[in-house]
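To keep things clear, I will list the structure first and then write my remarks on it.
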Amino acid sequence: MVVGDVTTGTDVLVIGAGPAGYVAAIRAGQLDLDVTLVEKEAYGGTCLNHGCIPSKALITASDLAHEAGSAEEMGIHADPAVDLAKMVDWKDGVVDQLTGGVEKLCKANGVNLLEGTATFEDDQTVRVSHSGEGQGSESLSFEHAIVATGSRPIEIPNFDFGDDPVLNSRQALALDSVPDSLVVVGAGYIGMELASVFAKLGTDVTVIEMLDSILPGYDDDLKRPVKQRATDLGIEFEFGYTASEWHDNGDTIRVVADPAEQAAADGGQAEAVEAESLELDAEKVLVAVGREPVSDTLALESAGVETDDRGFIDTDSRARTNVEQIFAVGDVAGEPMLAHKGSMEGQVAAEVIAGEPAAIDYQAMPAVVFTDPEIATVGMTESEAEDAGFETTVGKFPFRASGRALTTGESDGFVKIVADDAEGYVLGASIVGPEASELIAELGLAIELGATLEDVAATVHTHPTLSESVMEAAENALGHAIHTLNR
């Protein structure tokens, strides 16, 4: 690339090197296209650097510390000392290994890497501004562009992420000492995951949530074990409140939360919560109310690319925007904001550009919450399947009946499978319990392949393993589970 005012060209321009962008770039390189990948910060994007990977590293480390300190029932007596700074250094080493691997993979697949911030000049040209004094900028023309700029944490009024005690998820994952107390604003997946991390490290945690329950969008039977475990960890909840402001008290801060409007339990009518404002003292406050697309930095209007009222870029089943040669993938293209969903969309976009008959299919898209215990879902829920016109049959197997779960000391939760009653095809599944994030893959494959309950039940599963619970849930739906009572 030539820095300056000379315009260079590429077949495929990818903007953003997160899981959606770098996968798109690598796949396009594999398909013999000339590819340029522009990244303004770090290869791997938010997921590898500040989200999925670092959070799971700290979840693993905090789980280990908590388990070692609470295993008296197994005859283990320990009082672990936590050095958060060293834990974060270890986490950073994991991140560095993965991001370095992404850069090497891109280069090995012929991807041209360009550091800077891209903005559209028109529907066939971007301007790339390079970071650093005197680095300048350059124009880059493209035959096709793939926007993969991801998302960022949402700020709320009066809680500026630039203020020292106010944290977003990225900042929370970089702390070098364990706060004595923490207020978490938002009981979604990010808030609940990090609340559990810090509670296990010894922090007094209070979660504020404007709705009447944790983890909006998940069924109550999945949330119940997570809420109970959080309560057992000492996490306190204040439902029906929104954080409105904070004040500096010297050694601590005071977070003020006002009563919110929340959905009524009987199905959608709003009702006012009659309560006084709350005042909560803490060392830090973590704001985790969701994420928003990074689409406002691209000058999309210059290319004629349309967004919805939330800033997400509208796309079709082939990842195309309203401008034929411009694609959008990952978080910036809308819900669900999942790294693996973005990677799949990135592959589809690259293959469509190369003339392959690719399209996006979300029917077997898994979702996981890495709480304690984990929640994982794929396909349709029972109510969704019935709304779609299926007569359903449901099989369920509790982990308390699993020999392997009992030997791990983690027996809360269950595996539930939803199938078409007429033919037995697996339509969906949900799991709450140990290793749910791993177990859900088998059920995603079942949906993808059009497998039936008989197929899953007839597959011999190793004993003793957690995966036997999947087989038993299928057998329960068929009426002949061995290790639980059949319905």
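The values are calculated or read from the model by the stated rules, or taken from the named source; none is laboratory data. Being a predicted model, the structure only gives us computed values, none of them experimental. Cβ: placed from backbone, ideal geometry, glycine included. Neighbour counts: every protein chain shown.
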- Query: Looking at THR371, is it assigned to a strand (DSSP E or B) and either modelled with pLDDT of 95 or more or under 16 Å from GLU438 (Cβ atoms) (or both)?
  - Reply: no
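Please determine, by comparing only the residues of segment 334-368 that are among the hydrophobic types (A, V, I, L, M, F, W, C) and part of a loop (DSSP other than H, G, I, E, B), which one is surrounded by the fewest Cβ atoms within 10 Å (Cβ to Cβ). Quick ask: steps written out before the conclusion?
Keep residues of segment 334-368 that are among the hydrophobic types (A, V, I, L, M, F, W, C), which gives 337-339, 344, 348-350, 352-354, 358-360, 364-365, 367-368.
Filter again for part of a loop (DSSP other than H, G, I, E, B), leaving 337-338, 354, 358-360, 364-365.
Working: MET337: 18, LEU338: 18, ALA354: 17, ALA358: 19, ALA359: 12, ILE360: 19, ALA364: 16, MET365: 17.
Only one residue tops the list, namely ALA359.
When you look at ILE190, is it among the β-branched types (Val, Ile, Thr), outside the structural domain of GLU67 (by TED's automatic domain parsing) and within 17 Å of the chain's Cα centre (by Cα), yes or no? Break it down into steps so the answer makes sense when it comes.
Details: among the β-branched types (Val, Ile, Thr): yes; outside the structural domain of GLU67 (by TED's automatic domain parsing): yes; within 17 Å of the chain's Cα centre (by Cα): yes.
Yes: the conditions hold for ILE190.
With respect to ALA71, is the statement that it is surrounded by fewer than 16 Cβ atoms within 10 Å (Cβ to Cβ) and either under 29 Å from GLN171 (Cβ atoms) or not assigned by TED's automatic domain parsing to the domain that holds LEU233 (or both) true? Quick ask: steps written out before the conclusion?
Numbers: surrounded by fewer than 16 Cβ atoms within 10 Å (Cβ to Cβ): yes; either under 29 Å from GLN171 (Cβ atoms) or not assigned by TED's automatic domain parsing to the domain that holds LEU233 (or both): yes.
Yes.
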- Note on the structure: Picking from VAL456, VAL426, VAL415, VAL432, the residue that is assigned to a helix (DSSP H, G or I), surrounded by 18 or more Cβ atoms within 10 Å (Cβ to Cβ), touching a helix residue (DSSP H, G or I) at 6+ places or on another chain (Cβ under 7 Å) and of a type in the set (A, V, I, L, M) would be VAL456
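Hey, does segment 139-147 have a residue that's assigned to a strand (DSSP E or B), within 25 Å of LYS40 (Cα to Cα), out of contact with any strand residue (DSSP E or B) (no Cβ under 6 Å at 6 or more places or on another chain) and not β-branched (Val, Ile, Thr)? It would help to see each step written out before you state the result.
Initially, segment 139-147 is screened for residues assigned to a strand (DSSP E or B), giving 139-147.
Right, trim to within 25 Å of LYS40 (Cα to Cα) and you get 139-147.
Filter once more, keeping what is out of contact with any strand residue (DSSP E or B) (no Cβ under 6 Å at 6 or more places or on another chain): none.
The answer is no; no qualifying residue exists.
Is it the case that ALA473 is within 16 Å of ASP221 (Cβ to Cβ), buried (at least 20 other Cβ atoms within 10 Å of the Cβ) and of a type in the set (A, V, I, L, M, F, W, C)? Full working, then the answer.
Details: within 16 Å of ASP221 (Cβ to Cβ): yes; buried (at least 20 other Cβ atoms within 10 Å of the Cβ): yes; of a type in the set (A, V, I, L, M, F, W, C): yes.
Yes, satisfied.
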- Task: Using the structure shown, decide if LEU182 is assigned to a strand (DSSP E or B), of a type outside the set (Asp, Glu) and out of contact with any helix residue (DSSP H, G or I) (no Cβ under 9 Å at 6 or more places or on another chain).
- Result: no
- Note on the structure: Just one listed residue, out of ALA359, ALA388, ALA349, ALA339, is at pLDDT 95 or above, in the same structural domain as GLU468 (by TED's automatic domain parsing) and of a type in the set (A, V, I, L, M, F, W, C), and it is ALA388
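Suppose we filter THR46, THR60 for residues that are within 19 Å of the chain's Cα centre (by Cα), without any contact (Cβ under 8 Å) to a residue 12 or more places away in the chain and within 21 Å of THR371 (Cα to Cα); which single one remains?
Values: THR46 fails: without any contact (Cβ under 8 Å) to a residue 12 or more places away in the chain.
From the options THR46, THR60, the qualifying one is THR60.
Could you check, for segment 36-52, whether at least one of its residues is of a type in the set (Gly, Ala, Ser), crowded, with 21+ Cβ neighbours inside 10 Å and in a helix (DSSP H, G or I)? Give the steps one after another, and end with the answer.
The first filter runs over segment 36-52 and keeps only residues of a type in the set (Gly, Ala, Ser), leaving 42, 44-45, 51.
Next, only the ones that are crowded, with 21+ Cβ neighbours inside 10 Å stay: 44-45, 51.
Filter once more, so that each one left must be in a helix (DSSP H, G or I): 45.
Within segment 36-52, one or more residues are of a type in the set (Gly, Ala, Ser), crowded, with 21+ Cβ neighbours inside 10 Å and in a helix (DSSP H, G or I).
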- Selection status of ALA473, in a helix (DSSP H, G or I) and in contact (Cβ under 8 Å) with a residue 60 or more places away in the chain: yes
- In segment 288-316, anything of a type in the set (Gly, Ala, Ser), surrounded by 20 or more Cβ atoms within 10 Å (Cβ to Cβ) and farther than 30 Å from MET192 by Cα is listed as ALA303
- Query: Going by the structure shown, is GLU384 of a type in the set (Asp, Glu), surrounded by fewer than 22 Cβ atoms within 10 Å (Cβ to Cβ) and either assigned to a helix (DSSP H, G or I) or out of contact with any helix residue (DSSP H, G or I) (no Cβ under 7 Å at 6 or more places or on another chain) (or both)?
  - Reply: yes
- Task: Kindly provide the set of residues from segment 304-356 that are farther than 17 Å from ARG27 by Cβ and under 20 Å from the mean Cα position of the chain (by Cα), ordered by number.
- Result: ARG310, GLY311, PHE312, ILE313, ASP331, VAL332, GLY334, GLU335, PRO336, MET337, LEU338
- Query: Based on what the data block shows, is ARG254 outside any strand (DSSP E or B), surrounded by fewer than 18 Cβ atoms within 10 Å (Cβ to Cβ), modelled with pLDDT of 95 or more and charged (D, E, K, R)?
  - Reply: no
